[in-house]
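The values are calculated or read from the model by the stated rules, or taken from the named source; none is laboratory data. What you see is a predicted model, and the numbers here were worked out from it, not measured in a lab. Every residue, glycine among them, receives a Cβ derived from its backbone with ideal geometry; neighbour counts consider all protein chains shown.
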Amino acid sequence: MKRLIVFILMGWLFPVSLLAQNVRPGHDWTVNASAYDFNMTLIVQVQESGELNPAFELGAFCGQECRGITSAQYENALGTYLWYMVVFGNSGDDIEFYIREDGEELKAETTYHLVFVPNEVIGQPAHPEIIDFVLLEPTGCVAYEDGDPLTENEQYDGVVEVYDINGRLVQTVKSDPLLLTLPPHTPSGIYIVKTTLGTGKVLTKKIVIY
């Protein structure tokens, strides 16, 4: 499962901060169907630990690109819910699946994935594919201030850098307001977050990912 840690820079407003943030995946669930020449069809049932859950919306992704979205439909003739999905892509694309509920992507994992084959149909209404998800416990991020606190009157340059314990640059973010999301599969460990004020003063914060 991809690890995404959300860290709010505004923690610098406090002299000492101890933050615990739930992980909220950050995929863009927008499908650009016109970007692809081919599609394939899936007929599936979405489960949570073996139990059918019609509240889930299913998304197909290749990397960070959304290739298809679908919701549950009740089939009276079969007496059950099915998810009919059209997936767009190119031959050989590795397709992974995620779920969301009420518009919010859930932290969950599944072993189900597929390789895109143009025009292929996977599953039948009477014999759908099963995509079973396991909801995961929130992953945490604890932040400790190492430098001076940022006050409300000071201005930062809008750039945040994240370094691992060996001094390797992991990510640079430029955003306002700042919401920092670490890359997928970021290993557990200690990281240093650094930003620079308009005066040239450098502020740092240590974060521990577990």
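Is it fair to say GLY158 is modelled with pLDDT under 75, over 30 Å from ASN53 (Cα atoms) and surrounded by fewer than 16 Cβ atoms within 10 Å (Cβ to Cβ)?
Answer is yes for this residue.
How about the stretch 64-107: which of its residues are among the hydrophobic types (A, V, I, L, M, F, W, C), without any contact (Cβ under 8 Å) to a residue 60 or more places away in the chain and either touching a Lys or Arg at 6+ places or on another chain (Cβ under 7 Å) or not in a strand (DSSP E or B) (or both)?
Residues satisfying the conditions are ALA77, LEU78, VAL87, PHE88, ILE95.
Does PHE56 meet the test of being among the aromatic types (Phe, Trp, Tyr) and either farther than 30 Å from SER188 by Cα or in contact with a helix residue (DSSP H, G or I) (Cβ under 6 Å, 6 or more places away or on another chain) (or both)? Walk me through it before giving the result.
Numbers: among the aromatic types (Phe, Trp, Tyr): yes; either farther than 30 Å from SER188 by Cα or in contact with a helix residue (DSSP H, G or I) (Cβ under 6 Å, 6 or more places away or on another chain) (or both): no.
Against the criterion (among the aromatic types (Phe, Trp, Tyr) and either farther than 30 Å from SER188 by Cα or in contact with a helix residue (DSSP H, G or I) (Cβ under 6 Å, 6 or more places away or on another chain) (or both)), PHE56 does not qualify.
If you go through the stretch 108-154 one residue at a time, how many are assigned to a loop (DSSP other than H, G, I, E, B), of a type outside the set (A, V, I, L, M) and either in contact with a strand residue (DSSP E or B) (Cβ under 7 Å, 6 or more places away or on another chain) or at pLDDT below 75 (or both)?
In the first step, residues of the stretch 108-154 are kept if they are assigned to a loop (DSSP other than H, G, I, E, B); the result is 110-113, 116-120, 123, 125-126, 128, 136-140, 146-154.
If we keep only those that are of a type outside the set (A, V, I, L, M) too, we end up with 110-113, 116, 118-120, 123, 125, 128, 137-140, 146-149, 151-154.
From what is left, the residues that are either in contact with a strand residue (DSSP E or B) (Cβ under 7 Å, 6 or more places away or on another chain) or at pLDDT below 75 (or both) are 110, 112-113, 116, 118-120, 123, 125, 128, 137-140, 146-149, 151-154.
Adding up the residues that qualify gives 22.
Scan PHE7, PHE61 and give me the residue that is buried (at least 16 other Cβ atoms within 10 Å of the Cβ), at pLDDT below 95 and either assigned to a strand (DSSP E or B) or on the phi > 0 side of the Ramachandran plot (or both).
Values: PHE61 fails: at pLDDT below 95.
Being buried (at least 16 other Cβ atoms within 10 Å of the Cβ), at pLDDT below 95 and either assigned to a strand (DSSP E or B) or on the phi > 0 side of the Ramachandran plot (or both) holds for just one of PHE7, PHE61, which is PHE7.
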